[in-house]
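Novice: Structure provided below as structure tokens; questions to follow.
The values are calculated or read from the model by the stated rules, or taken from the named source; none is laboratory data. Just so you know, these numbers come straight off a predicted model, no measurement behind them.
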Amino acid sequence: MTDNRIGTSVRRWDRHGREHVVRVERAGLQRTFGCGTCGWSRGTRHLPWTPTDEQPATEHLAEAHQATLDPARR
């Protein structure tokens, strides 16, 4: 079976320096956000991914993992 990951992800770090990543995964026509830390997933329709489309991923990282430090804004 081939790897169905698209190169799109949201990365955040928590206050302990641990990295948490939510990726967009593809299975046929279906696209899903998937958290590598806890297994959370949620369907999405938007590709290509724009900054406004990452809201469910950033909300999950902030609420479930308290991961709010954005490496792009350091």
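Novice: Select from segment 42-74 the residues that are modelled with pLDDT of 85 or more, part of a helix (DSSP H, G or I) and of a type in the set (Ser, Thr, Tyr) and list them in ascending order.
Specialist: Thr58
Novice: So which residues in segment 17-41 are modelled with pLDDT of 90 or more and either farther than 19 Å from Pro71 by Cα or in a loop (DSSP other than H, G, I, E, B) (or both), if there are any at all?
Specialist: Those that are modelled with pLDDT of 90 or more and either farther than 19 Å from Pro71 by Cα or in a loop (DSSP other than H, G, I, E, B) (or both): Gly17, Arg18, Gly34, Gly36, Thr37, Cys38, Gly39, Trp40, Ser41.
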